[in-house]
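I have a structure here, written as structure tokens, and I will follow up with some questions on it.
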Amino acid sequence: MAIIEGGNKVISVKTCLNTSLAIPPYQRPYKWKTKHVNQLVDDIIRHKNKKAYRLGTVVFHQEEESHTLNIVDGQQRLLTLTLLCKVLSKDCEISSSLLEHQFKSQVSIQNLKHNAALMQNRLSGYDGEERKALLDFVCDSCQVVVVTLDDLGEAFQFFDSQNSRGKALEPHDLLKAYHLRQLMESTQELERLNIVEDWEQAVSPNDDSPSLHHIIGNILFRLRRWLDGESGTYFTLHHLSTFKGMDLNDTPHPYAQPLQALHAFIQQYNTDPIRQWDKQYKTFPFQIDQLMMNGCGFFNFVQHYIGLYHTLFVASKPELAGLLEVVNNYKGSHRAGDRYVKTLFICAVLFYYDKFGDIELKKAAEVCFVWAYQLRLKQKRVLIQSIDSQALSADSLLQVIKKAALPHQVLNYTITPIENVTGISIEKVENKFKELKCYE
């Protein structure tokens, strides 16, 4: 890594916005709301008589032989400052390339329109001279600290270490950036835009679907870590390797050949002209603990398990309805510890279904329920470490499912009946244990 321009470089907002800037596809939509815009405008108005006012740090990534800087950190502020300058004067000296950016996200478009109208309304009482004075202050006296790096991964790490105004990128944002870069040369722009659109929809779903953060951070991350015998408490920037693997087309080693052959077969099958007649289509048969495939493989993997989660726990399969009624509605189900136990239960059921499908699903889910919720009955307080220990124990149900070749090997899992209950506000859970003859 090389820091092309370090953190001691301070430039005016005008200089920054007049630079050739780009919003790369891995960036989240423009999401600043009224409170964020008002805070920035309030700060500027409050300090407008100062000779200089620092607006924080922006981080750019410059690709080799490119004069354009990709915004890693600062997108929300820079777009808002661009809007503010245009609202203050249509003829200002700002010629930001951000004004020419083609926004694909309706979230970005609506927020830009809303915030422009908001600032126009706030500044409607300013006369021409006051507008010019405020514009001059924003352009010439307001400053940003600029850090430009030539390595994207290091740019993200540097950005994450800064105490910036904007909300830090989540680990799943960095995964999106990593895997988009893996498919830049192998896909068309339209395909990448569709991938980004599906991803952003999953970040903030409009219905009862689980968020991307929940699926990746609470379910897939923990399952993949636990199945590897490693702690799965919290998904952070230090755990991105959990979702990085091989480049399907560029890995020459024998271990990659089964996945490469399967991928090639599915591609050939789906593009066969006869498919236009019989309307058959094959999807990749993902497994939770499989070797991760970079690029499209990763995005398809995540979307597959979003769909699987929805099928099992949102749409609610009939085999699970009775158990979900209990775990979602008992008196103490809202507590943090109870949510941890529910996550453990969901992980176990999802892993079983991933391997055996509908076969004996109701009975297997009952085993998963008793295995997970015995923690709630035995302990007054359940910590995140409690489910971590349960998942990693020597007799973990997850390892039994992993090693099982047939469903009955899971159904034969033995759990000692509960004798004493110390948990509180769990009457429905207790009654279910009694019904399943697991509470004496």
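Where a number appears in this text, it was derived from the coordinates with a stated rule and is not lab data. Only a predicted model underlies this, so the values are computations on that prediction, with no experimental measurement involved. Using ideal geometry, Cβ is built from the backbone for each residue, glycine included, and neighbour counts are taken over all protein chains shown.
Based on the mean of other Cβ atoms within 10 Å per residue, sort peptides 411-422, 98-109 so the most packed one is first.
Working: 411-422: 12.0, 98-109: 13.8.
Most protected by this proxy first, the peptides run 98-109, 411-422.
Also, quick follow-up: Order these peptides, 194-201, 116-123, by their mean beta-carbon neighbour count within 10 angstrom, highest first.
Details: 194-201: 17.4, 116-123: 15.1.
Top to bottom by mean Cβ count within 10 Å: 194-201, 116-123.
I would also like to ask the following. If you bin the C-alpha pair distances of region 372-426 every 5 Å from 0, what whole percents do you get?
Final binned percentages: 4, 17, 24, 21, 18, 11, 5, 1.
May I ask you to order 45-55, 330-340 by the average number of other C-beta atoms within 10 Å around their residues, highest value first?
Numbers: 45-55: 13.2, 330-340: 16.4.
Packing proxy ranking, top to bottom: 330-340, 45-55.
I want to verify a result. In a Gaussian network model of the chain, Cα cutoff 10 Å, which of these has the top mean-square fluctuation: Y234, Y126, Y373?
Comparing Y234, Y126, Y373 in a Gaussian network model of the chain, the most mobile one is Y126.
Turning to a different aspect of this structure: Rank the residues I274, I288, I216 as a footprinting-exposure proxy: fewest other Cβ atoms within 10 Å of their Cβ go first. Show your work: numbers first, answer last.
Details: I274 8, I288 19, I216 23.
In increasing order of surrounding Cβ atoms, one gets I274, I288, I216.
Let me ask something else about it. Taking 7 Å along the Cα-to-C-beta vector as the label spot, tell me the K244-D272 distance in nanometres, rounded to one decimal.
Calculated label separation equals 3.8 nm.
Still on this structure, I have one more. Could you work out the equivalent-ellipsoid semi-axes for region 26-78, taking the square root of 5 times each eigenvalue of the Cα gyration tensor, largest first, in whole Å? All intermediate terms of the calculation are to be shown ahead of the outcome.
Values: eigenvalues 141, 55, 8 Å².
Working from the Cα gyration tensor, I get semi-axes of 27, 17, 6 Å.
What span do the alpha-carbon atoms of the chain cover on each of the three principal axes, reported in whole Å from largest to smallest?
Principal axes ranked by extent give 81, 57, 43 Å for the Cα atoms.
In addition: For region 356-421 and region 206-241, what is the separation of their C-alpha centers, rounded to whole Å?
With region 356-421 and region 206-241 each reduced to a Cα centre, they are spaced 19 Å.
What number, rounded to the nearest 500 deg cm²/dmol, is the helix-based mean residue ellipticity at 222 nm of the chain, given -39500 (n - 2.57) per DSSP H run of at least four residues and division by all its residues? Write down the numbers at each step before the final one.
On the way: 19 runs with 212 residues, N = 440.
-14500 deg cm²/dmol, from helical runs alone.
Under 14 Å from the Cβ of E200, count the other residues' Cβ atoms, weight Lys and Arg +1, Asp and Glu -1, and hand me the total.
On the way: positive: R28, K31, K104, K176, R192; negative: E170, D173, E197, D198.
The answer is +1.
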